[in-house]
Amino acid sequence: MSDKHDILEETQQIISPDDSMGPFFLRNVFVGIFLILMLVFPKIFINTQIYFKSREISTLSHEHDALKEENRLIKAKVETMKYKSQVLDTLF
């Protein structure tokens, strides 16, 4: 009988080991999570900074294009006013 119990106890430990979540396991889990966050957080931070800077650059680019077009229109108006001024001066 004793041999049967010994064999049963040994096989029971192999089949279902008695591993509980002890302090060592929890410490390893927290260290693992901390390391993953340390590796992932800078990437997320840099990606968001790049995204916001690209939005700002896009806005400034659109404003620049609009101002260039407005400058072109104002120059055209100035040229027509100069032409009218020169034509009117020669007529009188």
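The values are calculated or read from the model by the stated rules, or taken from the named source; none is laboratory data. What you see is a predicted model, and the numbers here were worked out from it, not measured in a lab. Backbone-built Cβ (ideal geometry, glycine too); neighbour counts: all protein chains shown. For the accessible areas, the whole protein counts, side chains as well, though only heavy atoms, and no ligand, DNA or RNA atoms are used. Shrake-Rupley method; radii C 1.70, N 1.55, O 1.52, S 1.80 Å.
Within the stretch 24-36, one or more residues are open to solvent by 80 Å² or more (accessible area, probe 1.4 Å), assigned to a helix (DSSP H, G or I) and either β-branched (Val, Ile, Thr) or in contact with a Pro (Cβ under 6 Å, 6 or more places away or on another chain) (or both). The lone criterion from (1) in a helix (DSSP H, G or I); (2) over 33 Å from the mean Cα position of the chain (by Cα) left unmet by residue 21 is number (1). Based on this model, can you work out whether residue 71 counts as modelled with pLDDT of 95 or more, open to solvent by less than 100 Å² (accessible area, probe 1.4 Å) and either at negative phi or part of a helix (DSSP H, G or I) (or both)? It is true that residue 71 is modelled with pLDDT of 95 or more, open to solvent by less than 100 Å² (accessible area, probe 1.4 Å) and either at negative phi or part of a helix (DSSP H, G or I) (or both). Between 65, 89, the distinction of being open to solvent by less than 100 Å² (accessible area, probe 1.4 Å) and among the acidic types (Asp, Glu) belongs to 65 only.
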